[in-house]
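Asker: The structure is given below, and queries will be raised subsequently.
Each reported figure results from applying straightforward, stated rules to the coordinates on display, with no laboratory input. Owing to the predicted nature of the structure, the values given are computational and were not obtained by experimental measurement. Positions of Cβ are generated from backbone atoms using ideal geometry, with glycine treated the same way; all protein chains shown enter the neighbour counts.
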Amino acid sequence: MGLVAVLKSGTFAKWLRRMFGKEHAKIGIYGPPNAGKTTLANRVVRDFAGDVMGPASPVPHETRRVRKKANVEVKANGSSLTLDVVDTPGIATKIDFHEFMEVYGMDEDEARRRAKEATEGVIEAIRWLEDVDGVILVMDANEDPFTQVNVTILGNLEARKKPVIIAANKIDMPNASPAALKNAFPQHPVVPMSALTGYNMDALYETMIKTFR
């Protein structure tokens, strides 16, 4: 491998961070709509920076632009890692403005605008994969793990060789089955947690430091 290739490689960047004690990573929070990405981003930022990333909503595609909070120092068990937290729009294979009208009562103009912005947000989120050092993939622990979106995102990340943590979210719900996610994706760390209640967030922070350092 030539010098230029080495300099551009993520391996070299990680070696530099270790050599000079700079523990800093840019982490994307990805997943399908309404999996709890923004709720998780808000939890992380609030726990360590006393701030929030943005509003969360039961309406799909509330987050339609990438948002970033820089220099969030995550701590767990005496270790720490400074993160740029990147909250991304929900990844969807189909966005139909009719759903916003029929299910959520929006008028046609608002529904069309939201669908257009949501589609643009998906494209932006995918582009950001080039810039992040790792990904927290948020999955709803109450749903079938093998959705088209989950499998597509995970396959994309594996092809890019990005380190991934699967956050098995909404564990506080009665039908949650984090074991299903662990069985489905044994090649990646899976952390059962609830971004809403804060359940098991310490385990997630510890895994983040180990995985993304």
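Asker: At 7 Å along Cα-to-Cβ for each site, give me the label-to-label distance between E206 and N156 in nm.
Answerer: For the pair E206/N156, the computed spacing is 3.2 nm.
Asker: May I pose another question? What do you get for Rg/Rh of region 22-212 when both radii come from the Cα atoms and Rh is the Kirkwood radius?
Answerer: Details: Rg = 16.0 Å, Rh = 16.7 Å.
Checking Rg against Rh, the ratio lands at 0.96.
Asker: Okay, next question. For a quick protection proxy, order the peptides 91-103, 136-148 by their average other-Cβ count within 10 Å, most packed first. Walk me through the numbers before you get to the answer.
Answerer: Numbers: 91-103: 15.0, 136-148: 20.1.
The packing order, highest mean first, is 136-148, 91-103.
Asker: Where the centroid of each part is defined by its Cα atoms, how far is region 73-109 from region 171-193 in Å?
Answerer: 19
Asker: Sticking with this structure for a sec: Full extension from V103 to D144: what is 0.36 nm times the residue separation minus their Cα-Cα distance, to one decimal in nm? Provide the component values of the computation, followed by the final result.
Answerer: Values: separation 41, 0.36 × 41 = 14.76 nm, distance 2.20 nm.
Taking V103 through D144 to full extension adds about 12.6 nm, to one decimal.
Asker: Extending each Cα 7 Å along its Cβ direction at D51 and R112, get the distance between those two points in nm, one decimal.
Answerer: 3.7
Asker: Compute the acute angle (0 to 90°) between the alpha-carbon long axis of helix 201-212 and the principal axis of greatest extent of the alpha-carbon atoms of the chain; round to the nearest 10°.
Answerer: That works out to roughly 50 degrees.
Asker: Another question, then. For V151, V122, V74, which order do you get if you count the other beta carbons within 10 Å of each Cβ and list the fewest first?
Answerer: On the way: V151 13, V122 19, V74 23.
Ordered by Cβ neighbours within 10 Å, fewest first: V151, V122, V74.
Asker: Further question: When the Kirkwood radius is taken over all Cα pairs of region 129-188, what Stokes-Einstein diffusion coefficient follows at 10 °C and 1.306 mPa s, in µm²/s?
Answerer: Roughly 133 µm²/s, to the nearest whole number.
Asker: Let me ask another. Of P186, P163, P58, which is the most mobile in a GNM of the chain whose springs link Cα atoms less than 10 angstrom apart?
Answerer: For the chain, modelled as a Gaussian network with Cα springs under 10 Å, the answer is P186.
Asker: Counting only residues 5 or more places away or on other chains, whose amide H sits under 5 Å from the amide H of L83 once H atoms are built in the peptide plane?
Answerer: Correct list: A25, N71, V72, E73, V74.
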